[in-house]
Amino acid sequence: MKEAYDVIVIGAGVVGSAIARELSRYQLKTAVLEKNLDVCNETSGRNSAVVHGGFAYDEGTLKARFCVAGNQMMEQLSSELDFPFIRCGKVLVGNTDEDMKQLERTMAQGAKNGATGLELIDEERLHQLVPAVVGKFAMWSKTSGILDPFLFTVGLAENAHANGVSFFFDHQVTGISREPAGSDSSDFHYILHTAHGDFRTRWVVNAAGLGCKAISDMLGITGYRVVGSKGNYIILKKQMGALLPMPVYPVPSNTYMGIHVTPTVDGNVTVGPDADLVDDFSYYGVPQKNMDALAESASNLWPHIHKEDQIRNFSGILPKWVDENGVIQDFKIEVKDDIAPRAVNLVGIESPGLTGAVPIAQYAVGLIKEREALEENPDFNPIRKGITRFAACTREEQAKLIAENPDYSDIICQCEEITRAEILAAIHNPLGVSTMTGIKYRTRAMMGGCQSGFCQMKIEQLLEQELGKSETEICYSRKGSWILSGKLREEPSV
Ligand SMILES: Cc1cc2nc3c(=O)[nH]c(=O)nc-3n(C[C@H](O)[C@H](O)[C@H](O)COP(=O)(O)OP(=O)(O)OC[C@H]3O[C@@H](n4cnc5c(N)ncnc54)[C@H](O)[C@@H]3O)c2cc1C
């Protein structure tokens, strides 16, 4: 049995990491159990990375409330946690009378939700904002933006860690039981079972994303129906971002935002997502037919989508909580005092869970504070510094960095100009992550045009060397995704 905790959060996506950070503001012994080898390995790293304006959700819902609140606090979060965020705005482009009516309804709904900066614009203004876009008019959301979802999550998690939260990766929670605590026969602790031992805790927080129903069932809160909606994407090469100043969306339906084109904070463009209902929550392959359909559909909005510019694809799966008729429900964030006291249960945290992660976390921690007094952590420090990006520095700054540390003069990833110093900083990250994607998401190495053809083995060797591991111990991303599984030819022993 591991030592006892006040709170254990299950899941290190953006929501679990945000909750961990909020908890670290208080004098609590907190841990996060994550089944993957890093933060942000599931839905939080597989999305459009758009900071939504808050107009797309029904009035009075938690989705609307947390989206507007999350949007408004993004500059502060970005400056505290040192992750890229650009308030670039976005447009929803229409052509028909029905499109216009839907945009007017969306504007009205946005106003009720407290979303600001919404304006209907004509074709001329639309073309001033996004030159090549195809459409007759649009709703312009000036407060929408884009961020780096990996670095947002890494920032939240690293800051939580620096403020005292322990992170355990490769720790899948496989069962939850209870054991008596102290002399009061009605009091109990939760015991969380993992393949690496049991964890005892007073409070549990279910932030398991696609695993939310399984954890909810383990807590005894049964009956939720959660379906998966898979969205596929294509990524276009970095130069394309210069042609797309802001995300371009079609007019949304009530339940689906439609296939859109979105610039990333680093200048790539993502095209997607479609939306397929899936039962398998672990298959992330992107079929060619989906890629072709995405390119065709998005070309009706923005004509710069060509095969030769497509460098990669990815997909993400939304956990949608639905009722018995299949109607999508609001976020559920609850403490069922009668069934599972001291368990904060989050179900169906789909979009806009990235935008709303911190308000969601504040609300979840608020549910704990309603039930017991929490003492503030006087040492809480909200500031986390990321890895200095050499390629983004001025010539003078680069010269200074090289003078201080010659590893800045050794470019490991040519496409993205990532230096040995940055790779080493990522390898020695505070969370102890040692996968290839752990380095990729923290530095952008391997994300360029050659898609790691040049630098992958150099980075793999640096991981071996720095961490004292053998080549067969390095994983690409998930458990078991070995980069090298053995030698083709052994040297004969003499
Ligand atoms: C296609 C798509 C597009 C989207 N676009 C946007 C957007 O533009 N803007 C926006 O605001 N939102 C967007 N979203 C929604 C957003 O990505 C999610 O709401 C958010 O990432 C949810 O975060 P999470 O931490 O709840 O889930 P996750 O990131 O899935 O984290 C849950 C974690 O729990 C872990 N876990 C699960 N079961 C267990 C277990 N038994 N034991 C231990 N660990 C476990 C998982 O490994 C995972 O790391 C999009 C989502 C998708 C799929």
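Structure notes:
- Verdict on H193 being within 11 Å of the ligand (Cβ to nearest atom) and part of a strand (DSSP E or B): yes
Yes/no per residue for (1) assigned to a helix (DSSP H, G or I); (2) within 23 Å of L244 (Cα to Cα); (3) modelled with pLDDT of 95 or more:
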{"site": "V91", "(1), (2), (3)": "no, yes, yes"}
{"site": "Q102", "(1), (2), (3)": "yes, no, yes"}
{"site": "K112", "(1), (2), (3)": "yes, no, yes"}
{"site": "R125", "(1), (2), (3)": "yes, yes, yes"}
{"site": "W140", "(1), (2), (3)": "no, yes, yes"}
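- Here I339 passes the criteria (1) over 21 Å from F152 (Cβ atoms); (2) buried (at least 20 other Cβ atoms within 10 Å of the Cβ) except the one numbered (2).
- In this entry, G211 passes the filter for residues that are assigned to a helix (DSSP H, G or I) and within 11 Å of the ligand (Cβ to nearest atom).
- Tally of residues being touching a strand residue (DSSP E or B) at 6+ places or on another chain (Cβ under 6 Å) and more than 12 Å from the ligand (Cβ to nearest atom) across segment 56-84: 1
- All positions within segment 390-419 that are among the polar types (S, T, N, Q) and under 25 Å from K238 (Cα atoms): T394, Q398, S409, Q414, T419
- Cβ pairs under 8 Å, 6+ apart, first in segment 42-58 and within 17 Å of I259 (Cα to Cα) and in a loop (DSSP other than H, G, I, E, B), second acidic (D, E) and more than 6 Å from the ligand (Cβ to nearest atom): A49/D148
- Qualifying residue in segment 365-387 (condition: in contact with a strand residue (DSSP E or B) (Cβ under 7 Å, 6 or more places away or on another chain) and under 22 Å from G223 (Cα atoms)): yes
- Among (1) in a loop (DSSP other than H, G, I, E, B); (2) surrounded by 17 or more Cβ atoms within 10 Å (Cβ to Cβ); (3) on the phi < 0 side of the Ramachandran plot; (4) aliphatic (A, V, I, L, M) - the single one L462 does not satisfy: (1)
- Flag for K320 being within 11 Å of the ligand (Cβ to nearest atom), at pLDDT 95 or above and not in a loop (DSSP other than H, G, I, E, B): yes
- Among the residues here, D198 qualifies as farther than 22 Å from E334 by Cβ, in a strand (DSSP E or B), more than 10 Å from the ligand (Cβ to nearest atom) and more than 21 Å from the chain's Cα centre (by Cα).
- For segment 71-91, the criterion of being among the polar types (S, T, N, Q), assigned by TED's automatic domain parsing to the domain that holds V286 and surrounded by fewer than 22 Cβ atoms within 10 Å (Cβ to Cβ) is met by no residue.
- Count of segment 23-38 residues which are near the ligand (Cβ under 7 Å from one of its atoms) and of a type in the set (A, V, I, L, M, F, W, C): 1
- Applying the set (1) more than 30 Å from L318 (Cα to Cα); (2) outside any helix (DSSP H, G or I); (3) in contact with a Ser or Thr (Cβ under 9 Å, 6 or more places away or on another chain) to Y408 leaves exactly one unmet item: (2).
- On the stretch given as segment 169-190, residues that are within 14 Å of the ligand (Cβ to nearest atom), surrounded by 15 or more Cβ atoms within 10 Å (Cβ to Cβ) and not polar (S, T, N, Q) total 6.
- One residue alone among A20, A12 is part of a helix (DSSP H, G or I), farther than 30 Å from N254 by Cβ and either within 11 Å of the ligand (Cβ to nearest atom) or touching a Ser or Thr at 6+ places or on another chain (Cβ under 9 Å) (or both), and that residue is A20.
- Scanning segment 16-29 for residues that are of a type outside the set (D, E, K, R) and within 21 Å of the chain's Cα centre (by Cα) gives G16, S17, A18, I19, A20, L23, S24.
- Residue pairs meeting the criteria (Cβ under 6 Å; at least 6 apart or on separate chains; first assigned by TED's automatic domain parsing to the domain that holds V130, in segment 291-306; second part of a helix (DSSP H, G or I) and buried (at least 21 other Cβ atoms within 10 Å of the Cβ)): I305/A298
- When we screen A361, A293, A298, A340 for residues that are out of contact with any Phe, Trp or Tyr (no Cβ under 8 Å at 6 or more places or on another chain) and within 13 Å of the ligand (Cβ to nearest atom), the only hit is A361.
- Hits in segment 266-322 - residues which are out of contact with any Gly (no Cβ under 9 Å at 6 or more places or on another chain), surrounded by 14 or more Cβ atoms within 10 Å (Cβ to Cβ) and basic (K, R): R312
- Counted residues, segment 266-289 - those being within 24 Å of G135 (Cα to Cα) and outside any loop (DSSP other than H, G, I, E, B): 4
- Candidate set: segment 234-257, residues that are within 20 Å of the chain's Cα centre (by Cα) and assigned to a loop (DSSP other than H, G, I, E, B); chosen: the one surrounded by the most Cβ atoms within 10 Å (Cβ to Cβ): P247
- Residue check for K238: more than 9 Å from the ligand (Cβ to nearest atom), modelled with pLDDT under 95 and not polar (S, T, N, Q): yes
The values are calculated or read from the model by the stated rules, or taken from the named source; none is laboratory data. Values in this document were obtained by computation on a predicted structure and should not be read as measured data. Note: ideal-geometry Cβ built from the backbone for every residue, glycine included; neighbour counts use all protein chains shown.
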